[in-house]
1. Show the residues, 5+ positions off or on another chain, whose built amide H is closer than 5 Å to the amide H of HIS330.
2. Provide the net charge surrounding VAL64, with neighbours chosen by a C-beta distance below 12 Å and charges set as Lys +1, Arg +1, Asp -1, Glu -1.
3. Would you kindly derive the ³J(HN,Hα) couplings of region 400-407 from the backbone phi angles with the Karplus curve 6.51 cos²θ - 1.76 cosθ + 1.60 (θ = phi - 60°), listing them in order in whole Hz, with x for Gly and Pro?
4. Keeping all protein chains in the complex and leaving out DNA, RNA and ligands, what accessible area do you get for THR305 with a 1.4 Å probe, in Å² to the nearest 10?
5. Round to a whole number: what % of the accessible area of region 253-354 belongs to carbon and sulfur, probe 1.4 Å?
6. By the gyration tensor of its Cα atoms, with a ≥ b ≥ c the square roots of the eigenvalues, what is the shape of the chain: rounded for a/c under 1.5, prolate for a/b over b/c, or oblate?
7. Restricting to bridges with both residues inside the chain, how much of the DSSP beta-bridge set is antiparallel, in percent to the nearest 5?
8. Where does the charge balance sit around PHE78 when Lys and Arg score +1, Asp and Glu -1, over other residues with C-beta under 10 Å from its C-beta?
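The values are calculated or read from the model by the stated rules, or taken from the named source; none is laboratory data. In this text, all values refer to a predicted model and were calculated from it rather than measured experimentally. Using ideal geometry, Cβ is built from the backbone for each residue, glycine included, and neighbour counts are taken over all protein chains shown. To get the accessible areas, we keep the full protein, side chains included, count just its heavy atoms, and leave off ligands, DNA and RNA. Shrake-Rupley method; radii C 1.70, N 1.55, O 1.52, S 1.80 Å.
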Amino acid sequence: MSFGGVPTRHAQTLPLLRFLARNARDPLRAVEEAGRQANGELVRLNMGPFRPYLITHPDHVQHVLKTHQPNYLRTGMFWDPLGPLIGQGILSDGPGWKASRSILQPMFTARYVDSLTQRMAAIVTDLIDTVVVPGRPINIADTVSALIHPAIVRLFLGSTISDADIERLAPAYDTGVTARSIRLLLPSVPERFPLPGDRAFREAIRTIDEVVYPRIRYAKARGEHENDLVSLLCEARKGEPDMDRLIRDDMVAVHGAATETSVTALTWVWPVLDAHPEIAANVYEEIERVVGPGPVTLAHLPELTYLRMFLDELVRLYPPGWILPRTAIHADTIGGVEIPAGSTVVLSPFLTQRLPEFWERPLEFDPGRFTPENGRGRHRYAYFPFSAGPHSCLGPRLFTMEALLLVAGILCRYRPVVHTDGPVLPRLASTLRADARLSMTLVPVGRG
């Protein structure tokens, strides 16, 4: 068979269900095994009646996310189960996505994000003073969430939202992105058949809507244009049919993406530092030299070069958005393999960013691979922790700024002692999360 005269072949099928049976307690390891066996080749995954195509080679990633992006839409697997949460805005596809992107993009330009840095630094410093409890065990995920969520809400949603509502949003978002994890591996199960987590997912959406919709109504009634996300969306969407729902979808998407990406990634900072003492020593030395006892300010950020490389390597091995499914609208050919119309293709930064062909010692944590000279010549699509192409995430710069402020803000004052009996493994969710029970104790830095 061929399309447009180009010879095609059928993809090899890998038995993902068998891999899952062998790794029942660690389903993500089954995905890793499939990635290792594929080794950059385009393959199909046997998931019973559902058999998506797994795409890991950077050339094929570029084909889907850039060159032929209009043919591959964010529908079906992953997207449909999360649809009630993310709505029809910036995380959707088609006309709704284009409209939202044009409205939101100015809020994520380098100039605008840089203008927020001093304010973000003050917010993060205040939150560290309030949230961090030194000298006793604290849950890592909960602590990072308690720092990230209020920071993003205060930065983008203005000061009128109450602390009580912020405290309701954080666990609701957490539940929203984790409760339906089982549907990631069982996408052929219809919605009418309940699965574990469905009820918690619906309750999380109810909580989010109870917080967000009154905020929209307040901004509309106030009538004054302020420099926060809600006011900007109200101004941009004025007079549109279903205005409140459109604003809600963009608010939820921006808040969810900004907080979930940061919380997921920055939860990994602490077990990685614990597992690599020499790298940790380099991070500590730089922060001690650049920031001293703190607080971290805008002027410090350009000098935190090693910490920035550490964060780049962190999201190489632990990209928050580890799976990016798409649906092929029309028949296509990728790498000589025929892709019938309606097929699901699954991209995974988690797997691509571990390919030995493109990454020397791919499983080793090495910030040095992100020096400017080491980055030269690297395939553009061998590294895409925040997606790529027209649908690339709006907020990588915001993430980097927030991560530098938070990590340096904590480490200029404390040293982490992580409580773990062995390697910390990722757990299956819509984002790449560490063990939710992981804890650490923050010990004040002694400066003589």
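1. Amide H neighbours of HIS330: GLY342.
2. Once positives and negatives cancel, what remains is +1.
3. 4, 4, 5, 5, 4, 5, 6, 5
4. Accessible area, nearest 10 Å²: 80 Å².
5. 58
6. The shape class here is oblate.
7. Counting DSSP beta bridges with both partners in the chain, the antiparallel share is about 75 percent.
8. Summing Lys and Arg as +1 and Asp and Glu as -1 gives +3.
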